Amino acid sequence: MDNHLDHLPVLSRGRHRNPKRGACFMELASYLAGERWSDHPACTHPLLAALARLVNDNTSDESRAKLVGLVPSIIGLTSDDLRVDANIALRCATTALPVAAAERQLALAVSVLAAEEMLARLDGAPSGRLSEAGRQAMAEVPHAAEQARRFSRAARITQKGFRRYAAPNAVQLAVVGIVQACIPDPDALLRRLLEEAIADCTALIRGPQTTEPVTPAPVHA
């Protein structure tokens, strides 16, 4: 961790009235950005901020302290482009789907298809297009994937509905799915998810030339 971050408030769960009482990930971001103290600062895309808050609150105290170095990288990542929401939702759902318990797989598979459909629609691509990440994640859970496809054929979500409901639900489902998964180190997977979501947003908002390579933490299912 950089020495200039050593004096900052200690990361902890939940909201805090002021820096003396500690900070969550996004409160620390507001502090570093020079904004009013808040866990919903204007400096970060709302869905990416929601993911950061969920990772902060569902990570152990020891692992949470290691998240501080990521805080500066989230500042300034904001955009009205719905592709940002769709990419965050897709990243979350495809990360969680292969490790989530069976009872959560259908909802996550539906989230994958919803994000893929929204991206295809925004790009003017044919309906049913899947990214490589989407194909791989769905292949891990063929039964849930088939159920999700049958469900999705009967549903057509609007852009407003996707932004307000489907994308936030995908993020929430993914974090809970990872936390409750039978894997040795869910904290490592949560950190990797946040790192990769930040990298995705950086590439979309600032362009790929400014994206730092992400080295994921090893996670074994």
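The values are calculated or read from the model by the stated rules, or taken from the named source; none is laboratory data. Note that this is a predicted model, so its numbers are computed, not measured. As a convention, Cβ positions derive from the backbone with ideal geometry for all residues, glycine included, and neighbour counts pool all protein chains shown. Remember, those area values only see protein heavy atoms, side chains included, never the ligands or the DNA or RNA. Shrake-Rupley method; radii C 1.70, N 1.55, O 1.52, S 1.80 Å.
Of the residues that sit in the stretch 1-53 and are assigned to a loop (DSSP other than H, G, I, E, B), under 14 Å from Arg64 (Cα atoms) and under 21 Å from the mean Cα position of the chain (by Cα), which one is modelled with the highest pLDDT? Filtering first and then ranking leaves Cys24.
On the stretch given as the stretch 182-207, residues that are closer than 12 Å to Val99 by Cβ and open to solvent by 10 Å² or more (accessible area, probe 1.4 Å) total 7. Annotation: of all residues in the stretch 143-162 being open to solvent by 70 Å² or more (accessible area, probe 1.4 Å) and in a helix (DSSP H, G or I), the one that is nearest to Leu113 (Cα to Cα) is Arg149. Consider Pro126 carefully, then state whether it is assigned to a loop (DSSP other than H, G, I, E, B) and in contact (Cβ under 8 Å) with a residue 12 or more places away in the chain. So Pro126 does not fit the description; no.
Restricting attention to the stretch 65-116 and to residues that are basic (Lys, Arg) and more than 16 Å from the chain's Cα centre (by Cα), the residue that is nearest to Glu132 (Cα to Cα) turns out to be Arg104. Taking the criterion of being more than 17 Å from Leu90 (Cα to Cα) and acidic (Asp, Glu), the only residue of the stretch 114-159 that qualifies is Glu146.
Taking the stated definitions as given, is Arg64 touching a strand residue (DSSP E or B) at 6+ places or on another chain (Cβ under 6 Å) and closer than 19 Å to Pro186 by Cα? Answer is yes for this residue. Against the condition assigned to a helix (DSSP H, G or I) and surrounded by fewer than 21 Cβ atoms within 10 Å (Cβ to Cβ), how does Val176 come out, does it pass? Taking the combined requirement at face value, the residue satisfies it. Pairing residues of the stretch 26-39 that are closer than 11 Å to Pro9 by Cβ with residues that are open to solvent by less than 10 Å² (accessible area, probe 1.4 Å) and hydroxyl-bearing (Ser, Thr, Tyr), at Cβ distances under 8 Å and at least 6 apart in sequence or on separate chains, gives Trp37/Ser30. Scanning the stretch 72-84 for residues that are open to solvent by less than 30 Å² (accessible area, probe 1.4 Å) and either among the small types (Gly, Ala, Ser) or in a helix (DSSP H, G or I) (or both) yields Ile74, Leu82, Val84.
Taking the listed residues Gly128, Gly69, Gly124, the one that is out of contact with any helix residue (DSSP H, G or I) (no Cβ under 8 Å at 6 or more places or on another chain) and either open to solvent by 40 Å² or more (accessible area, probe 1.4 Å) or at positive phi (or both) is Gly124, with no other qualifying. Condition (residue is in a helix (DSSP H, G or I) and touching a strand residue (DSSP E or B) at 6+ places or on another chain (Cβ under 6 Å)) applied to the stretch 85-99: is it met by at least one residue? Within the stretch 85-99 (the criterion being in a helix (DSSP H, G or I) and touching a strand residue (DSSP E or B) at 6+ places or on another chain (Cβ under 6 Å)), the answer is no, since none of the residues qualifies.
Do we find a residue being among the acidic types (Asp, Glu) and closer than 25 Å to Asp80 by Cα anywhere in the stretch 101-118? Yes: the stretch 101-118 contains one or more residues that are among the acidic types (Asp, Glu) and closer than 25 Å to Asp80 by Cα.
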